[in-house]
1. Once you have the Cα-Cα distance between residue 55 and residue 156, take 0.36 nm times their residue separation minus that, and quote the gain in nm to one decimal.
2. Please state the shape class of segment 57-169: rounded when a/c is under 1.5, otherwise prolate if a/b exceeds b/c and oblate if not, all from the C-alpha gyration tensor.
Amino acid sequence: MFTRITLLLLVTARRFAWKGLLPIAAVLPLTLAAAAFAGDDSDDTKPAASGSNGNPITLHSEHITQAQLTPSLDNKAPTERLGQQIFMNERGLIRIYLFTEMEGLNTRRVFFDWYLEDERQARVTVRPHLDQMRASTSKFIDRNMLGNWEVRVVLADDTLLTSAHFEVLAHEETPGEQDEDEDKEVAEAVTQVLEVTPVSEDILSQQE
């Protein structure tokens, strides 16, 4: 079965021939080359892991009434709710917030500890000044920090208040990005085939 790349190779070859930029006799070799190109249609890639919508939050204390992972805040409130699996974006840098609602921790020191594969990457100290208040911390994560993350909210004596577990996965290409990559492959394949069957200088001079 001819692939999309094969058809584009054939169309390109015929278009060159019709415009006089390619000898008609060269269309057959291009057709054979396109057929050979289509025959090698093996796919060794593995499907990307699908995202999980499971709840990454575990509440361990009544002092935390709500907690949520989110990519952004709006007026100090979380926006989108993130799950247990988070994909890196195409820029290779994301920001993750852990939003919490606390009560009964006025004047206590609360620590937000961010771990990657059980190694602490950051510690943020929060000092609640109200009996009921919101508190959020965030972490920038780049493409070199993929893996299993945990955020632990603890007191000074290591009492665990809440925790969040999530995995950051490599960027998953969208269909549009895949089409762009395929178009680049087509262009490169056409160039390679045309280089195998060069256009004579006489034909090029007739078009000037």
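Coordinate-derived values only; no laboratory data. Because the structure is predicted, anything quoted here is derived from the model rather than measured.
1. 33.7 nm
2. Here segment 57-169 falls in the prolate category.
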